[in-house]
Structure formats: C-alpha cells, structure tokens
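Presented below is the structure to which this report refers.
The values are calculated or read from the model by the stated rules, or taken from the named source; none is laboratory data. For clarity, every value in this text was computed on a predicted model and none was experimentally measured. Note: ideal-geometry Cβ built from the backbone for every residue, glycine included; neighbour counts use all protein chains shown.
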Amino acid sequence: MEGILFVGDSKAGKLFALDLNDRTVNASKEAFELADIEGKLANLLGTDRQGVIIHDIAVNKISQNIYIAASRADANQLGFWKLPNDITYANILLKVTSDGKISEVDLNDIRHSVTEVPNVINEGKQNWRKSDERTDAITDIAYDDGKLYIAGLSNEEFASVLRVLDFPFGKTAHYATMEVWHVAHGKWETESPIRTLFPYQINGKKYLLASYTCTPFVSIPVSDIKPGSHVKNKTLAEFGSGNMPVDIITYQKNGKEYLLMSNSSKALIRVNPDNIPKQEKGLTEPLKNGEYAVGLQHDVLSKVGIMHIDNYNAEHVMLLQRMPNGMLNLVAYPTQWL
C-alpha cells in the first residue's frame with residue numbers, strides 16, 4: 001500500500017506499518033530470476049545456507065523491489081508441519097532490487113507507526129505442532145480500502161479470530177470469532193486460525209476469501225465481521241488434508257482474473273472466481289471414503305516446490321520456489337503460463 005509494509009509481531013502482539021521510502025515507479029514488464037537466494041543471504045549475513053530461514057516475501061508494486069523477512073536460525077529444525085515462526089521470529093528485513101542486489105533494511109531509523117493487536121493469545125500453551133500457541137497470534141494480514149484484516153488466535157473460548165483495524169492507526173479495533181466446517185475432519189472447528197486470506201469483491205459485495213490448514217477454502221462476508229460477533233464461515237471447497245496454505249493472490253491471464261494459492265505441500269491451486277457465486281450452500285458433510293478434494297472446482301497446476309507468491313508486474317507473478325536440485329530461487333513467472 002503506497003510503499004508501506006505491514007509487519008505483524010506475534011510475540012509482542014503488535015502491528016507495524018513501515019514507510020520504506022520506496023516509491024520510484026518501475027513500469028517494466030520484464031522477468032526476474034535470482035538463483036540460490038538462501039546462499040546469497042547466507043553470505044550477506046555471515047552464515048551458511050542452513051543458518052538462514054525465510055519467513056515471508058512481499059513485492060512493492062510501485063518499484064518492483066522484493067522484501068524478505070528472514071532470520072538467522074537453524075533451518076534443519078524446519079519440518080513437515082514446523083513453520084519458520086515456530087523456530088524463531090523474523091528480525092531481519094532485506095531488499096532485493098530488479099538488478100539482483102540484496103541489502104539489509106536499516107530498521108533503526110525507519111519511519112513507522114505501531115498499534116496493539118487486540119486480544120492476542122497468551123504465551124505458554126503448546127499447540128499441536130509442539131510450539132507456543134503465541135506463534136499463531138498473527139497468522140496473516142490483508143489490507144483493503146483503509147482496513148487491515150488480521151487473522152490469528154485469541155484468548156476467547158472460540159480462539160480463532162479475525163480482527164479489523166483502521167489505517168492510519170488510531171481508531172479502536174474490533175474482532176469477531178471464527179468457526180469453520182472442516183470437511184476432512186468432519187466437524188465444526190473454532191481453535192484453528194485462518195492461515196491466509198485475501199479481500200475480494202463478488203457481485204458488488206466485499207468478502208474475505210481464506211483458507212485453513214488441511215485445507216478448507218472459505219468465504220466470509222466483510223459485513224459479518226462485527227464487534228464481538230461469531231461468524232460461521234462458508235466452506236466452499238476442501239483442497240486436501242496434510243497441507244498448510246501459504247499465500248492467496250489474484251492475477252490476470254488473457255483478460256481473465258484468477259485466484260492463485262500456494263501451499264506447503266501441494267502444487268499451486270488455481271480458482272476461477274466466477275464459480276464462487278454458483279456454489280450457493282457451504283459444505284457441511286465429511287469426506288466420503290475415497291474422496292480427497294470436494295466442492296468448488298479448481299485446478300492443480302504443475303508448478304511444484306513453491307512456498308510464497310506475490311504479484312510482481314503486469315505480466316509476471318513472483319515465486320519463491322524450491323527447485324529439484326534443492327536450491328531456493330526467486331523467480332518472476334509469466335502469468336501466461338499459469
């Protein structure tokens with residue numbers, strides 16, 4: 001948003017807005033690739049590849065510079081379910097420019113504003129991943145039209161919450177508790193946080209499209225997220241268990257808009273948003289024997305090993321991709337091929 005980077009700090013229970021002072025317009029439609037990003041970060045930070053963990057990436061749509069949240073930590077501790085924040089919190093912000101140069105962003109003198117995130121879960125209780133539940137106090141952040149939507153866990157009886165904050169900060173924030181029909185588990189759940197979310201307008205009405213672990217895909221009317229309310233999400237699809245959704249974006253291909261979701265253990269998932277209004281009722285039945293994915297029609301693309309995604313320019317999507325040789329690359333991939 002206008003060169004502002006939003007950063008959630010689960011440990012402190014705060015949300016930061018960083019003014020990156022990065023507003024030089026880059027209108028290029030060119031591709032970009034930076035091989036072995038872990039090795040390059042290791043050299044910069046004075047460690048080896050296994051001493052660097054990348055927590056997230058974000059592209060500044062004005063300049064096309066890529067920002068990486070990282071930490072010096074033992075990447076060998078990462079596992080099938082073990083997330084970067086389960087190991088340590090990111091405390092290094094790096095910038096990658098279109099010529100491939102990497103530099104550390106000095107956070108000491110950066111212009112910023114900060115606000116408290118309401119009712120974050122207390123520290124000390126262990127989750128099913130054998131980590132402190134405070135790790136999931138903030139699981140994702142989305143900005144839209146002066147509002148910030150923040151998913152995560154709270155101290156409420158129904159722990160999964162969605163907060164709404166105004167930006168610029170100043171007004172009182174509010175939150176609603178969330179409940180999801182988990183198709184693979186065959187029950188309603190209130191303790192699992194939303195993992196990734198994306199604001200989207202359907203037939204003139206604003207929704208949050210979101211996904212949970214293992215992998216229910218839901219829609220939430222923004223108008224339902226009222227102070228103190230409890231919202232039962234509409235489960236549109238089950239994309240398959242044993243997976244952690246990571247990012248949702250939209251992109252254009254041949255004049256048509258699509259939704260694209262990256263995952264921890266699945267290939268890219270593509271959804272035609274025109275199909276969402278056709279599903280009038282949410283899923284409320286468990287999977288039958290032999291079923292794996294049900295509900296909303298979707299495509300599983302052939303691109304594998306992709307961790308994080310973001311829009312890069314008019315013709316490319318930025319991928320953080322683990323290659324077959326084990327190398328981690330930043331790749332601007334043509335939208336025509338998705």
State all residues of the range 320-338 that are within 22 Å of Phe239 (Cα to Cα), touching a Gly at 6+ places or on another chain (Cβ under 9 Å) and surrounded by 18 or more Cβ atoms within 10 Å (Cβ to Cβ); if no residue qualifies, say none.
Gln321
Filter result for the condition that a residue is of a type in the set (Ser, Thr, Tyr), farther than 18 Å from Ser262 by Cα and surrounded by fewer than 20 Cβ atoms within 10 Å (Cβ to Cβ), over Tyr143, Tyr149:
Tyr143
Expected output for the range 1-27 (first residue over 20 Å from Tyr89 (Cβ atoms), partner basic (Lys, Arg), Cβ below 7 Å, 6+ apart or cross-chain) is Gly3/Arg23; Asp19/Arg111
Starting from the range 39-50, take each residue that is surrounded by 15 or more Cβ atoms within 10 Å (Cβ to Cβ) and list its partners that are acidic (Asp, Glu) and in a helix (DSSP H, G or I), counting only C-beta distances under 7 angstrom and pairs at least six apart or across chains.
Arg49/Glu38
Restricting to the range 168-196, and then to whatever is among the polar types (S, T, N, Q) and part of a strand (DSSP E or B), can you tell me which residue is nearest to Ile141 (Cα to Cα)?
Thr196
Hey, among the residues in the range 267-311 that are of a type in the set (Gly, Ala, Ser) and part of a loop (DSSP other than H, G, I, E, B), which one's surrounded by the fewest Cβ atoms within 10 Å (Cβ to Cβ)?
Gly290
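Where in the range 84-151 are the strands (runs of 3 or more DSSP E), entirely inside, with at least 1 residues that are modelled with pLDDT of 95 or more, out of contact with any Phe, Trp or Tyr (no Cβ under 9 Å at 6 or more places or on another chain) and β-branched (Val, Ile, Thr)? Even if it seems obvious, please write down each step before you answer.
Working: elements: 92-96, 102-104, 112-116, 140-144.
Correct list: 92-96, 102-104.
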Pull up the range 55-83, narrow it to residues that are of a type in the set (S, T, N, Q) and at pLDDT 95 or above, then point me to the one that is surrounded by the most Cβ atoms within 10 Å (Cβ to Cβ).
Gln64
Mind checking which pairs have a first residue in the range 291-319 that is within 27 Å of Glu30 (Cβ to Cβ) and of a type in the set (Gly, Ala, Ser) and a second that is surrounded by 17 or more Cβ atoms within 10 Å (Cβ to Cβ) and at pLDDT 95 or above, Cβ under 6 Å, 6 or more apart or different chains?
Gly305/Gln321
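Is it the case that some residue within the range 128-136 is among the β-branched types (Val, Ile, Thr) and under 30 Å from Asn26 (Cα atoms)? Write out each step before concluding.
First, the residues of the range 128-136 that are among the β-branched types (Val, Ile, Thr): 135.
Pick out the ones that are also under 30 Å from Asn26 (Cα atoms) and you get none.
Scanning the range 128-136 turns up no residue that is among the β-branched types (Val, Ile, Thr) and under 30 Å from Asn26 (Cα atoms).
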